[in-house]
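Visitor: Mind looking over this structure? Questions follow.
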Amino acid sequence: MDITILQGLKKIKHLDRKIDKNYKRIQRWCSHLDNEEPLYDVEKLIQSVNDMTEEKDKLRHALHKTNIQTTIEFNGVMMSIDSLIILSTLTISAKINVLKSLRRREKQYGENEKDLKVIMNYDPKVRDKKIDALENFKDQAEELLDTVNITTKLIL
């Protein structure tokens, strides 16, 4: 079987839908009234779910293996697909969230504090530029990952 990462992901999603459909059939036909004939053989449905689950597991393993073993270049740095996924989804997102937390919250000032000046420990313009740069970086990473998903063959 010679498939790309994207095809593997689609196949896993398709298997999930089929497994869910069979779960519902198993629930419906695991018992029935004696005056009706069951539409499905529950044992065959269970075996089908087990077979599809094993196929899905093999695809997931192949995806993980491919993501770890396949090296790509991003912004002049060689890294695994897995490293770029983690960088894009976790690391950059966490950095953006930290910068977004730099928002001044109004607090209630007492009578004695009305004339005091509020001092901000950050520059909103600098914060916004950093957020924009990180979001652009993340967009570039996701664009590369989209291309990689279409072109990279799964290591089975």
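Where a number appears in this text, it was derived from the coordinates with a stated rule and is not lab data. Because the structure is predicted, anything quoted here is derived from the model rather than measured. Every residue, glycine as well, gets a Cβ built from its backbone with ideal geometry; the counts of neighbours run over all protein chains shown.
Visitor: Under the condition of being under 12 Å from residue 53 (Cβ atoms) and surrounded by 14 or more Cβ atoms within 10 Å (Cβ to Cβ), which residue from the stretch 19-30 is nearest to the chain's Cα centre (by Cα)?
Guide: Initially, the stretch 19-30 is screened for residues under 12 Å from residue 53 (Cβ atoms), giving 19-20, 22-23.
Filter once more, so that each one left must be surrounded by 14 or more Cβ atoms within 10 Å (Cβ to Cβ): 19, 22.
On the way: 19: 21, 22: 25 Å.
Step by step, filter the stretch 19-30, then rank; the result is 19.
Visitor: Exactly one of (1) over 18 Å from the mean Cα position of the chain (by Cα); (2) surrounded by 13 or more Cβ atoms within 10 Å (Cβ to Cβ); (3) of a type in the set (A, V, I, L, M, F, W, C) is unmet by residue 77. Its number?
Guide: Only one criterion in (1) over 18 Å from the mean Cα position of the chain (by Cα); (2) surrounded by 13 or more Cβ atoms within 10 Å (Cβ to Cβ); (3) of a type in the set (A, V, I, L, M, F, W, C) is unmet by residue 77, namely (2).
Visitor: If you don't mind, there's one more thing I want to ask. Can you work out which of the residues in the stretch 80-102 that are touching a helix residue (DSSP H, G or I) at 6+ places or on another chain (Cβ under 8 Å) and without any contact (Cβ under 8 Å) to a residue 40 or more places away in the chain is surrounded by the fewest Cβ atoms within 10 Å (Cβ to Cβ)?
Guide: Out of the qualifying residues, it is 100.
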